[in-house]
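The values are calculated or read from the model by the stated rules, or taken from the named source; none is laboratory data. Being a predicted model, the structure only gives us computed values, none of them experimental. With ideal geometry, Cβ positions are generated from the backbone for all residues, glycine too; neighbour counts draw on all protein chains shown.
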Amino acid sequence: MTQIFGNFADLTVQMVVMWAIGAIMIYLAIKKEMEPTLLLPMGFGCILCNMPNSGMVHTLEILFQAGVDNELFPLLLFIGIGAMIDFGPLLADPKLLLFGAAAQFGIFFTLSMASLLGFELRDAASIAIIGAADGPTSIFVAQTLKSNYTAAIIVAAYSYMALVPIVQPFCIKLVTTKEERMIKMEYAPGKIAKTTRILFPIVVSAIASLVAPDSAALVGFLMFGNLLRECGVLRSLSECAQNQLANLVSLLLGLTVAVRMQAESFLVPETLMILGLGLIAFMFDTFGGVFFGKVINLFSKKKINPMIGAAGISAFPMSSRVIAKMARDEDPYNFILMQAAGANVAGQVASVIAGGLILAMIGPLV
Amino acid sequence: MGINIGAFIASLKYMIEGWAGIFIVMGIIIVCIQGLNRFAEKLEEKEAKKAE
């Protein structure tokens, strides 16, 4: 009997708390359909890794060393993400890239806030990258900087990405007037030549690699996926990247990250601070994008709806749909989905570049 | 861990450099995209003339 029930003696209250956290993640994934691709495996892994003397830990540690510790899984996932993205709306109006840049403000603001709260620079930078609103970028930067809080950062990043429909409308309404939200924008779809679509990923990869060499892998894998999509001669590879590769890696990634959600390392005061700082990062991303839109309106004759600045975060396509819905809620004939989508894909590029710049600035110091 | 004003002030440099850096890189990419669009247009015109 001792052999069968002896393990119960090693059960702690903290482990039970982690079971509850895992259960909440599974509930949010299934019932609320919040980022189920990641939250479900993470929640399940969290419960099993917090059983006393769990054999799951050893197995997931092997996967962690194979794919997360060396940043491989997020990079492979980026191939799939790149293959899914249509950069057409951005290529038709390249100035939308500036909204992508503006909406990364939350990353750098949070870097300062995390430093103020006493986090080491490597951890402050890793926490700040939650504001990239991009899971693979967050994992890549946190692992490259060898942050002590990778699990909390990943949980925060994916949770807040799922909460975009709640966080962004609240923040936008705080800093805009009804009149501003009702501004209509014309959409004149330009035809983008196939040559442009093919050369774009190559040019962006080259520029990012020259400016921030540490971002070469991040940007390169994203743009490689996009090149697979746009070249037109590798349809099966593109479909494989968008479906089988992305799904397989997501499945393994979620489960693997759970090995860092063991109670003794996860249930620390810093985890709550990281969740708070992650929220600040998202909020100030939104504020940064919206205020940039307002500044443009001060100098531009053709007014833009400042809400598209908020779509400059990388949470694609959710953020653009949220912004488009907010515009229609104010005026049922106000359609800004394409402009918001352009800003949203710009945010994807900008967030990856931001990750590279963080690594270039902070990497040599840690 | 506690409030660290020194680290906060030191981090402001990264905040300013980092955010400005993104705008600079995006600016370079915008110029490149506009160049690509013009290049693609010229290529299409050439091919259209050849076809004629």
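Applying the criterion of being within 12 Å of chain B (Cβ to nearest Cβ) and charged (D, E, K, R) to the residues of the range A:56-108, the residue that is farthest from A:GLU186 (Cα to Cα) is A:LYS95.
When the range A:113-124 is filtered for residues that are more than 19 Å from the chain's Cα centre (by Cα) and either more than 7 Å from every other protein chain (Cβ to nearest Cβ) or in contact (Cβ under 8 Å) with a residue 12 or more places away in the chain (or both), the ones remaining, listed by number, are A:MET113, A:LEU117, A:PHE119, A:GLU120, A:LEU121. Evaluated against (1) more than 17 Å from the chain's Cα centre (by Cα); (2) assigned to a loop (DSSP other than H, G, I, E, B), A:GLN65 falls short on exactly one condition, (2). Restricting to the range A:137-146, name every residue that is surrounded by 24 or more Cβ atoms within 10 Å (Cβ to Cβ) and under 17 Å from A:ALA258 (Cβ atoms). Within the range A:137-146, A:SER138, A:ILE139, A:ALA142 qualify.
Of all helices (runs of 4 or more DSSP H) completely enclosed by the range A:156-258, which ones contain at least 2 residues that are hydroxyl-bearing (Ser, Thr, Tyr) and under 23 Å from the mean Cα position of the chain (by Cα)? Spell out how you get there, then give the answer.
Values: elements: A:164-175, A:178-181, A:194-211, A:216-231, A:235-240, A:246-257.
Result: A:194-211, A:246-257.
Report whether or not B:LYS46 is modelled with pLDDT under 90, part of a helix (DSSP H, G or I) and more than 7 Å from every other protein chain (Cβ to nearest Cβ). So B:LYS46 fits the description; yes.
The residues of the range A:177-208 that are among the hydroxyl-bearing types (Ser, Thr, Tyr), surrounded by fewer than 20 Cβ atoms within 10 Å (Cβ to Cβ) and free of Cβ contacts under 8 Å to residues at least 24 places away in the same chain, listed by number, are A:THR177, A:THR195.
Screening A:GLY355 with (1) within 13 Å of chain B (Cβ to nearest Cβ); (2) in contact with a Phe, Trp or Tyr (Cβ under 9 Å, 6 or more places away or on another chain); (3) in a loop (DSSP other than H, G, I, E, B); (4) of a type outside the set (A, V, I, L, M) gives one miss only, at (3). Do any residues in the range A:209-237 that are buried (at least 21 other Cβ atoms within 10 Å of the Cβ) have Cβ atoms under 7 Å from those of residues that are of a type in the set (Phe, Trp, Tyr), where the two are at least six apart or on different chains, and which pairs are they? Between residues of the range A:209-237 that are buried (at least 21 other Cβ atoms within 10 Å of the Cβ) and residues that are of a type in the set (Phe, Trp, Tyr), the close pairs are A:LEU218/A:PHE78; A:LEU218/A:PHE140; A:PHE221/A:PHE78; A:LEU222/A:PHE78; A:GLY225/A:PHE78; A:ASN226/A:PHE87. Within the range A:276-333, restricting attention to residues that are among the hydroxyl-bearing types (Ser, Thr, Tyr) and buried (at least 23 other Cβ atoms within 10 Å of the Cβ), the residue that is farthest from A:MET34 (Cα to Cα) is A:THR286. Regarding A:LYS146, is this residue in contact (Cβ under 8 Å) with a residue 24 or more places away in the chain, within 27 Å of A:ASN297 (Cα to Cα) and in a loop (DSSP other than H, G, I, E, B)? It is false that A:LYS146 is in contact (Cβ under 8 Å) with a residue 24 or more places away in the chain, within 27 Å of A:ASN297 (Cα to Cα) and in a loop (DSSP other than H, G, I, E, B).
Got a number for residues in the range A:13-61 being at pLDDT 90 or above and either among the β-branched types (Val, Ile, Thr) or assigned to a loop (DSSP other than H, G, I, E, B) (or both)? Qualifying residue count, the range A:13-61: 14.
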